[in-house]
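First comes the structure, then the notes that go with it.
What follows is calculated from the coordinates using simple rules that are stated; it is not laboratory data. Keep in mind it's a predicted model, so treat the numbers as computed, not measured. Backbone-built Cβ (ideal geometry, glycine too); neighbour counts: all protein chains shown.
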Amino acid sequence: MDLTFTLEAIDKSGFSSATIFSFAGIPPLDGGRPEKIRRCQMALYVHLVKMTHQGASKIRQASATYETVRKFGESLGCKPLNVVACFGEYDYVGIWDCPNEVAALKLSGCAVSSGDVQVQTLPACKVEDFFQAMGELPR
């Protein structure tokens, strides 16, 4: 998804300054030239996965189900960077590099279509990119 937003800050002297952030190369909505453009690739997605009662009853087949989802994801251009099994609120957490939101949505859809899991998908970015973007905020 393409997104543009503006942060406006008023400094101690009362002057206002705006920084326009543009994701995926979209120009500002007002058509003007931005003072500063920060491009952030939102290719990383975190999938928080909970097994349903049905999925828990078929836990011995979980490996085959995961392989089906992984292969489908890879056919969309998605790459699993790290997928782990957890003890606690979530049964699995996956970090995937997906080419776009549609691919991430299809990947989640494939996982939930069996009825074995529920998935919450979070867009993410590398912490270094986050720190760099936050370092460019007006003071």
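Once the piece of chain linking SER57 and LEU105 is laid out straight, how much longer is it, given 0.36 nm per residue of separation minus the C-alpha distance between them?
14.7 nm
For GLU67 paired with GLN120, estimate the spin-label separation in nm (one decimal), with each label point 7 Å from Cα along the Cα-to-Cβ line.
3.1 nm
At each listed q (0.13, 0.14, 0.20 Å⁻¹), what is the log10 of I(q)/I(0) that the Debye formula gives for the stretch 35-139 modelled as equal alpha-carbon point scatterers?
-0.52, -0.58, -0.99
Sort VAL84, VAL46 so that the residue with the fewest other Cβ atoms within 10 Å of its own Cβ comes first and the one with the most comes last.
VAL84, VAL46
Arrange the following residues from fewest to most other Cβ atoms within 10 Å of their Cβ: MET134, MET51.
By the 10 Å Cβ count, ascending, the order reads MET134, MET51.
Relative contact order for the stretch 48-110 using alpha-carbon pairs under 8 Å, separation at least 6, rounded to a whole percent?
38 percent
Please arrange TYR45, TYR66 by how many other C-beta atoms lie within 10 Å of their C-beta, fewest to most.
Numbers: TYR45 22, TYR66 19.
The order, fewest Cβ neighbours first, is TYR66, TYR45.
Using 0.36 nm per residue of separation minus the Cα-Cα distance, give me the extension gain between ARG139 and SER113 in nm, one decimal. Let's see the in-between values first.
Values: separation 26, 0.36 × 26 = 9.36 nm, distance 4.68 nm.
Full extension of this stretch gives 4.7 nm more.
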